[in-house]
1. Those residues that are within 14 Å of Ser47 (Cβ to Cβ) and out of contact with any Ser or Thr (no Cβ under 6 Å at 6 or more places or on another chain), I need them from the stretch 89-117; list them, please.
2. How many residues does the stretch 1-43 contain that are out of contact with any Leu (no Cβ under 9 Å at 6 or more places or on another chain), part of a loop (DSSP other than H, G, I, E, B) and among the aliphatic types (A, V, I, L, M)?
3. Does Gln51 satisfy the criteria of being farther than 14 Å from Ile102 by Cα, part of a helix (DSSP H, G or I) and polar (S, T, N, Q)?
4. Find all pairs meeting these conditions: Cβ atoms under 9 angstrom apart; at least six residues apart or on different chains; first residue within the stretch 104-120 and in contact (Cβ under 8 Å) with a residue 40 or more places away in the chain and within 13 Å of Phe63 (Cβ to Cβ); second residue of a type in the set (A, V, I, L, M) and not in a helix (DSSP H, G or I).
Amino acid sequence: MKIINMNVLTLAYIGDAIYEIYIRKFLVAKGIIKVQVLQKTAVNYVSARRQSYFLAKMMDNNFFTDEEVSLIMRARNNKGKSHPKNTDIITYKHATALEAVIGYLYLENNIARVDEIMNFIMEE
């Protein structure tokens with residue numbers, strides 16, 4: 001099976017881990033050493049609300065390729081109805097879509113593109 005055709009939640013599962021690593025590395029590189037401060041600061045990047053915001057900003061800037069947009073739409077339209085209590089379903093689906101595209105690119109070994117996406121987010 002082609003990676004692009006994988007279940008979007010599986011892609012998001014991988015993308016979530018990759019996203020988290022990038023953010024943690026970024027925050028440590030900024031010189032933050034206290035774990036409590038790292039955790040609190042990370043929320044500005046890793047919460048579903050913020051991921052949804054980053055996705056919308058990138059979409060508004062036509063940041064994604066047609067293939068990536070197709071995957072994002074597939075992930076946003078996924079039939080899943082579960083979501084964390086602290087966010088609404090739309091926000092959660094948008095965050096999942098961002099994670100799915102990152103997971104897809106990572107599994108395709110397109111690290112340069114993952115870097116571009118994450119640099120956009122970290123420069124925000």
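The numbers here are math on the coordinates, done by the rules we state, and not lab data. Quick caveat, the model's predicted, so the values are computed rather than measured. Note that we place each Cβ from the backbone using ideal geometry, even for glycine, and neighbour counts take in every protein chain shown.
1. Selection gives Tyr92, Thr96, Leu98, Glu99.
2. 2
3. Taking the combined requirement at face value, the residue does not satisfy it.
4. none
Residue-wise test of (1) closer than 19 Å to Tyr104 by Cα; (2) not aliphatic (A, V, I, L, M).
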{"site": "Leu11", "(1), (2)": "yes, no"}
{"site": "Ile18", "(1), (2)": "yes, no"}
{"site": "Arg24", "(1), (2)": "no, yes"}
{"site": "Ile33", "(1), (2)": "no, no"}
{"site": "Lys57", "(1), (2)": "no, yes"}
{"site": "Asp60", "(1), (2)": "no, yes"}
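Yes or no, residue by residue, for (1) of a type in the set (D, E, K, R); (2) in contact (Cβ under 8 Å) with a residue 24 or more places away in the chain; (3) more than 18 Å from Asn119 (Cα to Cα):
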residue	(1), (2), (3)
Met1	no, no, yes
Asp16	yes, yes, no
Leu27	no, no, no
Gly31	no, no, no
Val43	no, no, no
Gln51	no, yes, no
Arg74	yes, yes, yes
Asn77	no, no, yes
